[in-house]
Structure formats: structure tokens, C-alpha cells
Amino acid sequence: MARYHGTPKRGHWSSRLGFIMASAGSAVGLGNIWKFPYITGMHGGGAFVLFFLICIALIGIPLMIAEMVIGRHTHKDPVGAFRTLAGGPWSMVGWLGVTAGFVILSYYCVVAGWAVNYLWLAIKGTFGGGHIQQVPELFSSLLASDLSQLFWQALFMGATIWIVLGGVSDGLERASKLMMPVLFLILIVLTVRGLFSPGGPRALSFLFTPNWRMLDAAAMLEAMGHAFFTLSLGMGAMLTYGSYANERTNIPNVAITVSIMDTCVALLSGIAIFSIVFTYGMAPAAGPGLVFKTLPILFSQMQGGTFVAILFFLLLVFAALTSSISLLEVVVAYYCDEKKWQRRTATLVMGFLIFLLGVPSALSNHLLADVHFIGGRNFLDSIDLVATNYILPLGALFIAIFTGWVMTTRVARGEIEKGTVNFHFYPLWHFLIKYVSPIMVAILFLSKIGLI
Ligand code: PHE
Ligand code: NA
């Protein structure tokens, strides 16, 4: 991540692999391992998963290409990019993205804090003893302590600020390249373990047999919103990362690779987690605590469970960190490029403000547990819902319309075909981004808010 070294002002990824790894780092995160399984459980499995995959293929991949195209063409932050290409009200789209980054990072740090706490528990050997009964209690007692949640949230936010501040050294880029394969490997081990447990077959049928009655407008919007969230789309994160890519990079190739990696991690986590759910007769709709209440059971049953638990939570924290830095980067890039703040000031001030906005999320399970917002949800779940079901789809809608209708074919096609020979994919991409994505997003969005 040469960009972080300060001078020259706009850097480039050191290599195509570096770009892929950083983008995959942004995409693969809590969205895959924490959120995907739990919302899938809440929405009854199969049909939700299938619709989610359709959204990834028809909207997600084209949109990731679009964001990277805009970023690489302008080499600017989201606001600057839209202002350069079209000006006027379009820079609002960039601004919406900056807001989304601010809001999402606020509660992302709280959930990541839970993962750091579990890493600490794993190091202490808590998951090694084969005590299944106490596993769910561990999570409830974490949620019941406002102070420890604030502590772990602050610690994680501190780490995020520290990386964005001090510069993501080559060390982190190298670490990404090492950690991603290890994450895959350990997920595969957990998935296989899960599949061979008594609940394995039921987990597969839960995840892949569609029950279409469960799929109402709310579920569809949730699936689509999550497709954006999990691929880091709709708010300019991939646009910003694309702005650091060089002219030889084959953007569709990168976008497709990253999307496939992200989807695999989500599906593997789902299989591992639901195998445990069905083996131990737990509720699939257990909500946001699902991953924390299930996987530790598996660890406590395994040979070398403590070691596997440490490794798993270490990787989970790391996956969250490579996502959180991309969220903060969008906000920081805006204040540096547009408001001419110093990078240091922007990182510290914005990091601190985002931490403050996260405080009600950290307190939402205990001190503020009785304060309900959308549909009886607490603060954390409500703000997550607003970000993923409203802000990201809205951002995605504007980006798709912009790319399909405002940006000239010459620019779009030129960017897409750089680094490739005979790129026949362009007409398909253009059709998807011009018609399919905006129409699908608009229909789901309007039907959810009750306008059609
Ligand atoms: N994609 C990340 C995840 O799945 C979250 C994220 C969303 C990161 C938006 C950046 C931008 O955890
Ligand atoms: Na993701």
C-alpha cells in the first residue's frame, strides 16, 4: 500500500496482487463471518442465500467494476471523483459515501471489539476445556458489561487509527498475502469438521434449499443490502482503492476475483456455523451473537482446540482490521483531498468522532437495552439496518445510474479494456450496470419504503 507512505501524494499499489489483496482485505470481514450467517439464520436460509448470490452476480460484480473504473479514471477520493467527472449535484454521491463510511465504522468497531475479546478468551484457554454449556453464557456476559465492550471497541478503533496514521507498511500488505490463505485454510478445516458432525447435512439443506415463502420484500432488501456491505460497495471504498491502481491493471479480473473470494468465505462460514447450530439443537435465528455462540463449541470439542481458537479469532480480528482501515480511509481521503486537512489531523479527529458515535452501539445491549429504534431493534442493530438497507443501496443506485447513463462509453470502455486483449465482456457489463442494477435496486428500495 504505497499510498500510505505519504509522498508522492497519490501512490499506487505495489503490484496487481497487492491491489487484489487490499481489496479482498476490505471485502472479507465481519460481513462474511459474523453478519452473513446470522442474517441468513433470521431469514430462514435457502431462498435468502440464493437471492443474495443473484445480487452478487447481477449487481455486485458490475458495481465493483464501476467503482474501480471511476476511481482509477480520476485518481481521486469519492467526492473529488464525481466532481471531476460530472460536477454539480453528483458530488453528493461521494459525500453520501463518506457519511456511510463514518456510520458503518462506528458500529463495526463494536462488533470487532467482541472478536478481540474472544481472542483474549481464547488466549486464556477458555475454549480448551470441553465445557459446552458455558459457551453461550460467555457471550451474554460480554454483552452485559458496558465497560468491557467500550474497552474492546476503543482498543480496536485505536488499532485502526494507528494503522491508517502510521502508514500501512509493506508489512501489512505482506501480512495480508499470508493471512488470507491461512484464513481460507482454517475455514475449510472448520467447515469439514462441521459437515461431518450430525448437523452437517441439515446445514447444507438449510443453506441451499430455497423456501421461497420466506423471501418477502424486507428479506430481499436485506439480501441486496448485504451484497453491497460484504463487497464494500455503495460508499466509495472500492472507488478509493481503485484510485490507487495503475493503468495496466485489468479491473474486471480483479473485481471478479475479489467477489468470488468474498462469497466463498461467507458460504464456508455459513456451513461451519449452521452445522453446529443443527448438531446442538440451537436456534438458527439466534441473532447477532450466532458466530460467538457456535464456533467456540466446535473449538472446545477439537484436538488442539485452544490453538485453533486463537488462530481463528486472530484471523477474524485481522479480517475486520483490513476492512475497518478501508472504511476510515474513505473518510480520511475526503478530508485530506477536499478539505486539505493534514492526514494526521484527519485520521485522529475523524477516528475519535467515529469512536464517539460508536459509544451508543457499545452500550446498546445493556445500559441502553431498553431504548428501541427501528422495529424494536436496539441502537446497534438499527444503525446497521439504516446503513446497509438504505444508505448503501441508495449509493449503489446513484453509482450505477452515473456509470450507465452519465459517464461516456469512451471513458468506461477505455478503463475496462485496459490491461486486456479482446475484452468481450464489455457489452454484458454495460447492460447490467445501465439497466439491470438500477432497476433491481430501485424496485426493491421503493417497495420496501412502501412506494410501490
Ligand atoms: N466488506 C466489509 C465486510 O464484509 C465491510 C465494509 C463495508 C468495508 C463497506 C468497507 C466498506 O466486513
Ligand atoms: Na465481506
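The values are calculated or read from the model by the stated rules, or taken from the named source; none is laboratory data. Since the model is a prediction, treat every value here as computed from it, not as a measurement. Neighbour counts run over all protein chains shown; Cβ positions are idealised from the backbone, glycine included.
See the values below:
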item: Yes/no for Y280 being within 16 Å of ligand 1 (Cβ to nearest atom) and aromatic (F, W, Y); result: no
item: Residue count for region 221-247, restricted to those that are away from ligand 2 (no atom under 13 Å from the Cβ) and more than 16 Å from G80 (Cα to Cα); result: 7
item: Odd one out for T279 among (1) surrounded by fewer than 22 Cβ atoms within 10 Å (Cβ to Cβ); (2) within 15 Å of L30 (Cβ to Cβ); result: (2)
item: Flag for G60 being more than 22 Å from E415 (Cβ to Cβ), in a helix (DSSP H, G or I) and either within 15 Å of ligand 2 (Cβ to nearest atom) or in contact with a Phe, Trp or Tyr (Cβ under 6 Å, 6 or more places away or on another chain) (or both); result: no
item: Sole residue being surrounded by fewer than 24 Cβ atoms within 10 Å (Cβ to Cβ) and closer than 21 Å to L385 by Cα, chosen from W120, W90, W95, W114; result: W95
item: Among residues of region 204-256, those that are of a type in the set (S, T, N, Q), under 16 Å from the mean Cα position of the chain (by Cα) and modelled with pLDDT of 95 or more, counted; result: 2
item: T84 vs. criteria more than 16 Å from ligand 2 (Cβ to nearest atom), touching a residue at least 40 places away in the same chain (Cβ under 8 Å), part of a helix (DSSP H, G or I) and among the β-branched types (V, I, T); result: no
item: Some residue of region 363-379 being among the aliphatic types (A, V, I, L, M), part of a helix (DSSP H, G or I) and touching a residue at least 60 places away in the same chain (Cβ under 8 Å); result: no
item: N365 surrounded by 17 or more Cβ atoms within 10 Å (Cβ to Cβ), within 30 Å of S141 (Cβ to Cβ) and modelled with pLDDT under 95; result: yes
item: Flag for I65 being at pLDDT 95 or above and more than 16 Å from ligand 2 (Cβ to nearest atom); result: yes
item: Flag if M180 is in a helix (DSSP H, G or I), in contact (Cβ under 8 Å) with a residue 60 or more places away in the chain and within 16 Å of ligand 2 (Cβ to nearest atom); result: yes
item: Matching entry among V291, V332 (being more than 20 Å from Q134 (Cβ to Cβ), within 16 Å of ligand 1 (Cβ to nearest atom) and surrounded by 24 or more Cβ atoms within 10 Å (Cβ to Cβ)); result: V332
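Residue-wise test of (1) within 16 Å of ligand 1 (Cβ to nearest atom); (2) at pLDDT 95 or above; (3) not in a helix (DSSP H, G or I).
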{"residue": "V265", "(1), (2), (3)": "yes, yes, no"}
{"residue": "L295", "(1), (2), (3)": "no, no, no"}
{"residue": "L321", "(1), (2), (3)": "yes, no, no"}
{"residue": "S326", "(1), (2), (3)": "yes, no, no"}
